[in-house]
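Below you'll find the structure, written out as structure tokens, and then a few comments.
What follows is calculated from the coordinates using simple rules that are stated; it is not laboratory data. All values derive from a computational prediction rather than experimental measurement. In this analysis, Cβ positions are derived from the backbone assuming ideal geometry, glycine residues included, and neighbour counts consider all displayed protein chains.
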Amino acid sequence: MIVVKSPRELDKMRAAGKIVAEVLALLESHIKPGVTTAQLDRIAERECRRQGAEPAFKGYGGFPFAICASPNDRIVHGFPDENPLAEGDILSIDFGVLRKGFYGDAAITVAV
């Protein structure tokens, strides 16, 4: 069954997606050698809440972080940690928000 969304619901979905895009762009600007994925997690949560949303992953099934961070060959949905990123690393970040009853979710992969 397909549920047709109202224009108001679509606006809420767009707003959630926009926050995700903005937070991921912010995180991408912070990715450099020496930065930890735990630092990126804190940045993501702070910005998410500043924009009036909740981090969608945090607390889901006991997941303790705002982002999923998977450097190099780590399987998807990795936990952020205090290991510094190094030049040449490949980092995948998945991030989602809940805002006014609607979710936004996206992922990026970035070369350090």
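For every residue, the table says whether it meets (1) without any contact (Cβ under 8 Å) to a residue 40 or more places away in the chain; (2) surrounded by 13 or more Cβ atoms within 10 Å (Cβ to Cβ).
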{"site": "V3", "(1), (2)": "yes, no"}
{"site": "P7", "(1), (2)": "yes, no"}
{"site": "K18", "(1), (2)": "no, yes"}
{"site": "A21", "(1), (2)": "no, yes"}
{"site": "A25", "(1), (2)": "yes, no"}
{"site": "S29", "(1), (2)": "yes, no"}
{"site": "P33", "(1), (2)": "no, no"}
{"site": "R42", "(1), (2)": "yes, yes"}
{"site": "E45", "(1), (2)": "yes, yes"}
query: Looking at the range 60-70, is at least one residue surrounded by 14 or more Cβ atoms within 10 Å (Cβ to Cβ) and of a type in the set (V, I, T)?
result: yes
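Which residues, counting only those in the range 70-107, are among the aromatic types (F, W, Y) and either closer than 17 Å to Q39 by Cβ or in a loop (DSSP other than H, G, I, E, B) (or both)? Spell out how you get there, then give the answer.
First, pick out the residues of the range 70-107 that are among the aromatic types (F, W, Y): 79, 95, 102-103.
Answer for the range 70-107, where residues must be among the aromatic types (F, W, Y) and either closer than 17 Å to Q39 by Cβ or in a loop (DSSP other than H, G, I, E, B) (or both): F79, F95.
Do we find that F65 is assigned to a loop (DSSP other than H, G, I, E, B), touching a helix residue (DSSP H, G or I) at 6+ places or on another chain (Cβ under 9 Å) and among the aromatic types (F, W, Y) in this structure?
yes
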- prompt: If only one of K18, K5, K12 is in contact with a helix residue (DSSP H, G or I) (Cβ under 9 Å, 6 or more places away or on another chain), closer than 24 Å to G101 by Cβ and among the basic types (K, R), which one is it?
  reply: K5
